[in-house]
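Only one structure is covered here, and it is reproduced in the block below.
Every number in this text was worked out from the coordinates using simple rules, so none of it is lab data. Keep in mind that this is a model prediction, so the values were computed, not measured. Every residue, glycine as well, gets a Cβ built from its backbone with ideal geometry; the counts of neighbours run over all protein chains shown.
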Amino acid sequence: MKYIESHSSSTEITPRPAVGFFRSKAALRLLLAIVILAALVIIRDNELVGSLGSRAQTFVTIFLSIFIEAVPFLLAGSIVSGLLEVYVNSETIYRFVPRHPLAAALVGGGMGLIFPVCECGVVPVTRRLYLKGLPISMGIAFMLAAPVINPVVLASTYAAFGWGPIFYSRIILSFLIASVIGFVFHFAKPEDVLRSDQLAAIDHHQCHPHEHTHDHPHESGLNRFWNALSIGGDDFFDMGRYLIIGSMLAAAMQTLVPQPVLLALGAGSATSILAMMTLAFVLSVCSTVDSFLALAFVNSFPPAAILAFLVFGPMVDIKSSLMFLGVFKRRVVLYLILLPFMATLMITVYLNLNMSW
Amino acid sequence: MTTSWKAIILIVMGLFLFSRILSGTLLFYINERFLWLTVLAALGLILVGISYRYRTEHDHDHDGHHHDHDGHSHGQLSWMGLLLIASPMVLGLAIPPKPLGAAAMTNRDISLESLTSAAAPEGGAVLSKPKTEKNILDWIIDFRQTSDPAALAGEEVKLVGFVYRDDRFAEDSFMVSRFVVSCCAADAAPLGLVVHWPDSPTLADDQWVEVTGVLEPGEFGGEQLPLVKAASVTSTDVPDQPYLYPF
């Protein structure tokens, strides 16, 4: 705590360090990337000036559709996060964390059953749980698994596919991959995993735990409720900008990359899986409804490719990986994309070659 | 200062969603069955916006020392952040709402494979529909169940969709098309039936039309599928539900 105080007083004198993502060069580069993508769309079509307007129109419609579809879930996750902040203290969380790291990762993988949040809502909740002292490994397992291992998504998968190999393999694979990746992060130091401002906020929490949970004991229940909501609002802003950039990128990809190129890969045992995983990444649809979307591909793709879509998509897609940037260091976000990618790819290719469905 | 901006943006976002719901244009973006989620979200956004007014827990510098590093969770939002959060509303208001149309088709596959795979497998309920009420999706499901273009020959159809053409279409033909949306416009899959009509060149791309005619066995892009021999093609308004829902 002493260290933090001296640290913060020194930053008061020197110019504010560019800790925030939006004050960093990465933000500029990302913006540049979006501008270039947009420029490509224009250049690609410049022989048809008339279609330029309708291209922009298509982009806006897809962007807004992803955003509007995600807002209820992001807001729900943010409000849950605000309620956690006000009503749950670190000691309670601490009591629920298993001592054994593997057990912690497994519990993290199953925690979505208690916090029914999908891929947009899970990020603010995970971030808040980290503030409350949740181990890194458990949080990552939770964050990757919860979009599938939660009552709503289980119900929608069941509705789409019924009781069958797709249904239970989706659950088992999501749970295992998420827990194993979570466990791997048990061996990393928090300061290598979390963003520096997130770490600082955790330290801050630990300095003044009472300030947050029992801040003003004389306060009425209604006041605490309003506080919870407004903290949720702050989270909504923190995560919303990543969601918006992610939705824009996804919409740009969709207006730029022709789907036939992707779907033509439907035949090969590995390429079909790669195609479906890429599609899941690019489409960025919410995990609560992706089963119904996957139904559309059952005739043109092998079951293992459908499974890859259903396992990888909820863990990682354009918008969720952008949102990861709000919690984790950039290098860790890369791992959080690559590890589920490799794991899903290897398992489903194996299934494709060795299973008859 | 920042808090009031946040409150304003949240409330405006809620009102923006309500305006889209009330004008019916929300269905340009998402499947009708998720409408209630948007209603809840709009109410929630406004409630959270209001909560800033009653917030008692302010900045954390009241205990003497300033925690600059806590910038992200309770701190100031940069102008760029504010602008970014406002961008869905800015774009949504600057560009008039319009459902996906022919322009969005160019990036998607238009072949029998894609046409039939966009239709969900179950079609039991569809068969009981009166024939004149069957839409493009219903007919394609029917076709998929028989997979014999001749089986549907002679059926009278009345279809609403937008006009789509590319270089594979002959002078006298176009595709009457719709998008099938499971979740939101991001997953829209194109669907359509090829229409033969002598006056096809008079139609503009992307124009919404109502086609009446009869089905006959035909071929498109080397694949056997039913075509519509049109008796009349009249221009029409964009339907209230521009997309078709597979479930």
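Some points to look at:
- Under the simplified labelling scheme, the A:ALA270-A:VAL257 pair shows an inter-label distance of 1.9 nm, with each label point 7 Å from Cα along Cα→Cβ.
- Summing charges over all other residues whose Cβ lies under 11 Å from the Cβ of B:THR25, with Lys and Arg as +1 and Asp and Glu as -1, gives +1.
- In this structure, the amide hydrogen of B:GLY161, modeled 1.01 Å from its nitrogen in the peptide plane, lies closer than 5 angstrom to those of B:VAL209, B:VAL211, counting only residues at least 5 positions away or on a different chain.
- Taking all C-alpha pairs of region A:265-357, those more than 23 Å from each other amount to 22 percent.
- Qualifying chymotrypsin sites (Phe, Trp or Tyr not before Pro) for region A:272-337 [loop in DSSP, other Cβ within 10 Å: at most 13]: none
- Checked against a 22 Å cut-off, the cross-linked pairs A:LYS189/A:LYS319; B:LYS134/B:LYS229; A:LYS132/A:LYS329; B:LYS98/B:LYS134; B:LYS98/B:LYS158 give Cα-Cα distances beyond that limit for A:LYS189/A:LYS319; B:LYS98/B:LYS134; B:LYS98/B:LYS158.
- The relative contact order of region B:10-54, computed from alpha carbon pairs under 8 Å that lie at least 6 residues apart in sequence, is 60 percent.
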